[in-house]
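A short worksheet on the structure shown next.
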Amino acid sequence: WTDLRPAAVHARQLPRPSPPPPNPPSDPLMSLYSSVLQGSRLSVKRFWVQSNPTSLLLGLILGSIATALVLNFSIGLNSKSGPYTHTDGARGTELSAPPNKDKTEQLWKECKDLIVVAGHSVFTGANFEDADDYKSPWILMSYQEKQLPAFLNHIRAGVEVAANNEKALLVFSGGETRLEGGPRSEAQSYWWVADAHGWFGKPSSVRDRAVTEEHARDSFENLLFSICRFKEVVGRYPETITVISFTFKKQRFETLHREAIRWPADKFHYVGVDVDQNHPMPQDVYDGERQNSLIPFKKDPYGCQGVLALKKSTRNPFKRQIPYPTGCPDIAGLFNHCDETLYEGVLPWTSNDKEL
């Protein structure tokens, strides 16, 4: 024993030869799996050599967890949910058929009428199915706290009007107006709410004909920007316009904004939708509308000066640059006009020698 002990100690101190490196797999995900699995095997072997049952059990558990995580990750990356599904929680229904780009663009080309749903708030939740809950995370101003049901009614009304007119393009309009809501637009919020509610049982063609306008900062821009958005999508200007918003905003849209862009009265329609159609909004709402919107827009029909310009700047917390009139250059003069008098330049919907 005295002669063998030093040799045995010396043998134990010799470093173990490294195993030959395995051939790298072609799939990087499998490489990750192999590395984790190899590490778990070495851990189990090391614990076994130490003859510690507790460590051995811990090693087995950790190895199993690592293997399960990698396998789940692999399945998540390589599996496909199919062309009919969306992210869980974003919508409550599945599409009956996959979207078809050519078919959708053909529907757009056939559109003649514009339906505008003016946005009023941003939804910050992850599950748009819950957007109709009073406790759902909409960013609301103090005066909007009792108006939430009206927002959902506006969305539903827009979908219903579009369902009744197969030649109409539905535009949800509203920009990234709330700093607290992050860079999510009112228009996107409304579109996803409609999508999560299965477009309220209406045909899939309504979904195909629904787009967003994501830069408007006030009601005048809801109208003007949506006209330009129609031109971008369809390729020409609309023949008629239908606006959906609160009843108390009818005069603002139907008179002031329509006259500012010189849109023909017989081709403009307004649908007023409130929280409860059987109970009109209280008088103080109409008083606020008159003081904060009607009077300022009468003095500044394009909302580009004074208090209205300031209001727009506060509704652009993420400093978005307005892309219009890039998509509708033939009405650039209307976009650039900032005066108390009405724009007198030629407009496609007022000219007899140009197609609408």
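Quick notes on this one:
- Flag if Val161 is modelled with pLDDT of 95 or more and either more than 28 Å from Thr326 (Cβ to Cβ) or in contact with a Cys (Cβ under 6 Å, 6 or more places away or on another chain) (or both): yes
- Within the range 113-126, no residue satisfies the criterion of being within 19 Å of Trp199 (Cα to Cα), surrounded by fewer than 18 Cβ atoms within 10 Å (Cβ to Cβ) and touching a residue at least 60 places away in the same chain (Cβ under 8 Å).
- Inside the range 290-303, residues that are open to solvent by 40 Å² or more (accessible area, probe 1.4 Å) and in contact with a His (Cβ under 9 Å, 6 or more places away or on another chain) make up a count of 0.
- Members of the range 279-331 found to be at negative phi and of a type in the set (Gly, Ala, Ser), listed by number: Gly288, Ser293, Ala309, Ser313, Gly327
- For the range 228-255, the set of residues classified as surrounded by fewer than 20 Cβ atoms within 10 Å (Cβ to Cβ), charged (D, E, K, R) and more than 22 Å from Lys311 (Cβ to Cβ) consists of Glu232, Arg236, Glu239, listed by residue number.
Yes/no per residue for (1) surrounded by 12 or more Cβ atoms within 10 Å (Cβ to Cβ); (2) out of contact with any strand residue (DSSP E or B) (no Cβ under 9 Å at 6 or more places or on another chain); (3) under 14 Å from Phe220 (Cα atoms); (4) of a type in the set (D, E, K, R):
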| residue | (1), (2), (3), (4) |
| --- | --- |
| Leu310 | no, yes, no, no |
| Pro317 | yes, yes, no, no |
| Cys328 | yes, yes, no, no |
| Glu344 | no, yes, no, yes |
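- Residue match in the range 108-120 (condition: at pLDDT 95 or above, under 19 Å from Asn316 (Cα atoms) and out of contact with any Asp or Glu (no Cβ under 8 Å at 6 or more places or on another chain)): yes
- From the options Leu69, Leu95, Leu77, residue that is surrounded by 15 or more Cβ atoms within 10 Å (Cβ to Cβ) and either over 25 Å from Val233 (Cβ atoms) or at pLDDT below 90 (or both): Leu95
- Search result, residues across the range 273-300 that are of a type in the set (Val, Ile, Thr) and without any contact (Cβ under 8 Å) to a residue 12 or more places away in the chain: Ile295
- Restricting the search to helices (runs of 4 or more DSSP H) fully inside the range 129-227 and requiring at least 1 residues that are open to solvent by 10 Å² or more (accessible area, probe 1.4 Å) and within 30 Å of Asp300 (Cβ to Cβ) gives 148-163, 186-196.
- Every listed requirement among (1) outside any helix (DSSP H, G or I); (2) among the aromatic types (Phe, Trp, Tyr); (3) more than 28 Å from Asp208 (Cα to Cα) is met by Trp263 save one, (3).
- Qualifying residue in the range 267-289 (condition: under 24 Å from Ile244 (Cα atoms), polar (S, T, N, Q) and surrounded by 13 or more Cβ atoms within 10 Å (Cβ to Cβ)): no
The values are calculated or read from the model by the stated rules, or taken from the named source; none is laboratory data. Since the structure is predicted, the reported quantities are computational estimates derived from the model, not experimental observations. Note: ideal-geometry Cβ built from the backbone for every residue, glycine included; neighbour counts use all protein chains shown. We work out accessible area using only protein heavy atoms, side chains counted, and drop any ligands, DNA or RNA first. Shrake-Rupley method; radii C 1.70, N 1.55, O 1.52, S 1.80 Å.
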